[in-house]
Amino acid sequence: MQLTAEQLQKVESLIDQMTLKEKIGQMNLASMSIVGGFDVSFEEMIEMVTDGRISKEKFGEMLATSEKDYHESEIRDGLVGAFMSDDPKLSNRLQKIAVEESRLGIPLLFGFDVIHGFRSVYPIAIAEAGTFDTELMEKTAAMAAKESRCSGVNWHFAPMLDVARDARWGRVSEGAGEDPFLTSEFARAKIKGLQNNQEELTDYVAACMKHYVAYSASEGGRDYNTTNMAVSQLYNTYLPPFKAAVEEGAASAMASFNDINGIPATVNAFTLRRILKESYGLNGFVVSDANAIRECVVHGIAEDDMDAGIQAANAGLDMDMGTEIYLHNLEQAVSAGKVTVSVIDEAVRRVLSVKMWLGLFEHPYVTENSMDRFRTIPVEHKELARESAVKSIVLLKNEHETLPLNPSQKVLVVGSLAENKEEIIGAWAMSWKQEDCVTILDALTEQGISYHYHAVCGPDGELDKEQLTAAMQTASESDVILAVVGESVSMSGEAASKADISIPGHQKELLKAMKETGTPVVAVLMNGRPLALAWEEENLDAILESWHLGIEMGHAVTKVLYGEYNPSGKLTATFPTMSGQCPVYYNHPNTGRPGSKSKFTSKYLDAGFDPLFPFGFGLSYTTFAYSDFTVTQKLDRMVYEVTVCNTGNRSGEETVQFYVRDITASIVRPVKELKGFQKISLEPGECRTIQFELEKANMGFYNDEGAYLLENGAFQFFAGGSSAQVLMQELRVEF
Ligand code: BGC
């Protein structure tokens, strides 16, 4: 986000004209339903007042007026800086009040959760990152920016950049997986896609990278839980994607709910002020997560609303989402000398800069033309959603070449996930329409494949015994069974942590029954997190990881099932053998007793050491062989060279992965770290020698003082098709 000198000047001149109250108004993000964009009933609201999420004063004011009038009069008085909405009519109405009826006419920002697509919903991030295709990631973000801006949304609460290593945490679905490098590449692509197409006003939005920071490291994978970690860990694992996003010009950040070593991210001056603003140089603003300022009282680090507001403002949190604590307390805090006017001015300068950069002062409204632009989804958006969906699919097992299927095979489909439109879109998609959604059954029907279908059961609810009996009968007359199983959308995303991440409900019974019939079983998985699949891996013939792929899910899955597309997706997160192995991730530090067959090593007696499927893993309908791996050292970089051959009889795409390990560092370093990847396409029998250059400057690490160190010594270099299947070279490196 770059502003011209003239724009910066305009921001300053506005600040000069603003009263303290108007300035504080810019630090206030309101929403029609107050909390996180969700509708709440009167009873729920009472509960929220009781547990402190809404103040009694606000509740009283809202009862006295209607909620709508309440917000309108606040906007008129210049007391709202941003609003949460994806409704263009509503945003135009409110914008008109802000621009034409408030004293200074400052336009509103309209924020919304557009996490993986607006109307054209594409795959959840954990899946999309598995395409290892950053151009594609950029394109899908640009598509979401266009569609949403035409609906009045000019600020996305995305990208979600939490490096997530614990599959129990429901929000693993929203991010790019467990690797800091891949998540950083994802971050760059998404910021570019959202923000960089500035020729047309309706083509870009302000990004809000979240959740800053270490939210995903919550203890036990339980959402909102405490986070405790060494500073080196924070710098090496959790901060890199945010640093990358700031380098690409991210316009804003959202502070996370968790505490980091005892200080909630909302009031954490070290992470907000010192790292994000001073060290990384974010020039946009930081917003709290929903109601998080008030939750600081609940955390037990603030006496009351006023205290929480003072701590947050002083820590560098520029905007309050949902509590109005700033609005009702900061004026008094300034009079009492607890917050300086320069802290307030800094926040306002950042918020106004984003509005200026978005062109809102000149073009505050959504035009009728724009509103009409995406009334139906353009073909190219559907195609892009399909391309990202098909490339996200990961083939986990394929015994006896069960896949691809042949259209003449008799197919039995079981599992209600195959037919439910609302289950393909994934957590946090809110602006989609049923009419755009293509389920697996829809796609099979459309393609004229004749199949039998018995739902039998879904991820929750009962198992229909009659349907099971019918399915078993049909199975004996079928050539193959497609068991569409996994998780419902509500089982991942926010507040969806699970202690048991095996296939839920009665679906395992269904799989076992299908297995008993003797007909080959293909599990088509739909889920928002890595699952524990030991039984499935041992017993089923093929497993296709299809995640929640968005509106084009059905088309994407059938393309892969019938071999129209040769699967190329790779896992962005490790799959454990059992839930109890969590957290399990490929880039872990070494112990003094690495897990092995011998008893006194770091492992579980019942689950061993190795995960079921490692990071970077994914099969194809063809096979690839790696050979001739060399690494040479230049003054400023290391040059990897490896030959990859397609040894099967189909053309296919492979993601060649490059890793490194520092084996003589001053702190224990990960056993492998991804440093680069290249996606290549090879014809049967074709070989290609791939070169990858790793800058030596990127081979260091941060220590507990946050200092970046490059230490001479021995390193291992790896190249391969997954984090576990690699060729290795060892060299001494001099910096
Ligand atoms: C979530 C954020 C989201 C916000 C606004 C919160 O509950 O943690 O990710 O952006 O709500 O909807």
| field | Kirkwood hydrodynamic radius (C-alpha pairs) into Stokes-Einstein, the range 590-735, 20 °C and 1.002 mPa s, D in µm²/s | value | 127 µm²/s
| remark: For the range 615-664, the percent of all C-alpha pairs falling in each 10 Å bin, from 0 up to the bin holding the max distance, is 19, 44, 26, 11, 1
| said: On the Cα set of the range 261-402, report Rg and Dmax in Å, please. | reply: 22.2, 76
| remark: Residue by residue through the range 700-706, the couplings from Karplus 6.51 cos²θ - 1.76 cosθ + 1.60 with θ = phi - 60°, in Hz, x for Gly and Pro, are x, 7, 9, 9, 6, 9, x
| request: Net charge near residue 147: determine it from the other residues with C-beta under 9 Å of the C-beta of residue 147, scoring Lys and Arg +1 and Asp and Glu -1. | output: +4
| For the chain, size of Cβ-based charge dipole, Lys and Arg +1, Asp and Glu -1, in debye | 1400 debye
| Which one of 353, 609, 5 has its Cα pushed farthest toward the positive end of the charge dipole of the chain, where Lys and Arg give +1 and Asp and Glu give -1 at the Cβ? | 609
| message | For the pair residue 688/residue 298, report the inter-label distance in nm, with labels modelled 7 Å from Cα in the Cβ direction. | response | 5.1 nm
| query | In the chain, what % of DSSP beta bridges are antiparallel (nearest 5)? | reply | 55 percent
| J(HN,Hα) series, the range 503-520, from Karplus relation 6.51 cos²θ - 1.76 cosθ + 1.60, nearest Hz, glycine and proline x | 4, x, x, 8, 5, 5, 4, 4, 4, 4, 5, 5, 4, 4, 5, x, 6, x
| query | In the structure displayed, which of 391/675; 10/192; 139/570; 190/603; 190/570 lie more than 31 Å apart, Cα to Cα? | reply | 190/603
| task | Compute the FRET efficiency between residue 599 and residue 2 as 1/(1 + (r/R0)^6), taking r as their Cβ-Cβ distance and R0 = 56 Å, and round to the nearest 0.05. | result | 0.40
| query | Non-local amide H neighbours of residue 613 (under 5 Å, H modeled in plane, Pro and chain starts lacking H): which ones? | reply | 575
| task | Would you grab the residues whose amide H sits under 5 Å from the one on residue 208? Only those 5+ places off in sequence or on another chain, please, with H modelled 1.01 Å from N. | result | 156, 158
| query | Given H placed on each backbone N at 1.01 Å, which residues far from residue 223 in sequence or on other chains put an amide H within less than 5 Å of it? | reply | 170, 497
| said: Using a probe radius of 1.4 Å on heavy atoms only, what accessible surface per residue do you get for the chain? Whole Å² is fine. | reply: 36 Å²
| field | Cross-link table 382/672; 559/672; 421/512, entries beyond 31 Å C-alpha to C-alpha | value | 382/672; 559/672
| task | Identify, among 156, 546, 236, the residue whose Cα sits farthest towards the positive end of the charge dipole of the chain, taking +1 on the Cβ of Lys and Arg and -1 on the Cβ of Asp and Glu, with the dipole about the Cα centre. | result | 236
| task | Report, ordered by chain and residue number, the aspartates and glutamates lying within cross-link reach of residue 679, taken as a straight Cα distance under 18 Å and ignoring same-chain residues fewer than 8 apart. | result | 128, 133, 135, 138, 179, 185, 387, 641, 653, 654, 693
| task | Evaluate the charge dipole of the range 439-542 about its Cα centre and quote only its size in Debye, nearest 20, assuming +1 on the Cβ of each Lys and Arg and -1 on the Cβ of each Asp and Glu. | result | 160 debye
| What does the convex hull of the alpha-carbon atoms of the range 321-410 project to on average, in nm²? | 13.8 nm²
| task | Would you mind working out the magnitude of the charge dipole of the range 521-592 relative to its Cα centre, with +1 at each Lys and Arg C-beta and -1 at each Asp and Glu C-beta, to the nearest 20 Debye? | result | 260 debye
| request: Compute the signed sum of charges (Lys and Arg +1, Asp and Glu -1) over the other residues within less than 10 Å, Cβ to Cβ, of residue 297. | output: -4
| request: Could you calculate, for the chain, the ratio of the Cα radius of gyration to the Kirkwood radius, expressed as Rg to Rh? | output: 0.98
| task | Only helical DSSP H runs with n ≥ 4 go in: add -39500 (n - 2.57) per run for the chain, normalise by residue count and round the 222 nm mean residue ellipticity to 500 deg cm²/dmol. | result | -8500 deg cm²/dmol
| query | Of all the accessible heavy-atom surface of the chain, with the other protein chains kept in place and a 1.4 Å probe, what percent is carbon and sulfur? | reply | 48 percent
| task | Quick one: net charge around residue 485, please, counting Lys, Arg +1 and Asp, Glu -1 for every other residue with C-beta under 10 Å from its C-beta. | result | -1
| task | Answer with one residue from 657, 332, 728: the one whose Cα lies farthest towards the positive end of the charge dipole of the chain, charges on Cβ with Lys, Arg +1 and Asp, Glu -1. | result | 728
| the range 363-371 - phi-based ³J(HN,Hα) in whole Hz, Karplus 6.51/-1.76/1.60, Gly and Pro as x | 10, x, 9, 8, 7, 4, 4, 4, 4
| query | Taking the range 360-499, how much of its Cα-Cα pair set, in percent, is spaced more than 17 angstrom apart? | reply | 72 percent
| Between residue 433 and residue 9, what is the FRET efficiency for a Förster distance of 56 Å, r being their Cβ-Cβ separation, to the nearest 0.05? | 0.80
| Estimated inter-spin distance, residue 469 and residue 697, nm [label 7 Å along Cα→Cβ] | 7.2 nm
| task | For a label point 7 Å from the Cα of residue 650 along Cα→C-beta, name the residues of the range 559-594 whose backbone N is under 13 Å from it. | result | 559-569
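The values are calculated or read from the model by the stated rules, or taken from the named source; none is laboratory data. This is a predicted model, so every value here is computed, not measured. Note: ideal-geometry Cβ built from the backbone for every residue, glycine included; neighbour counts use all protein chains shown. With ligands, DNA and RNA removed, areas are computed over all heavy atoms of the protein, side chains included. Shrake-Rupley method; radii C 1.70, N 1.55, O 1.52, S 1.80 Å.
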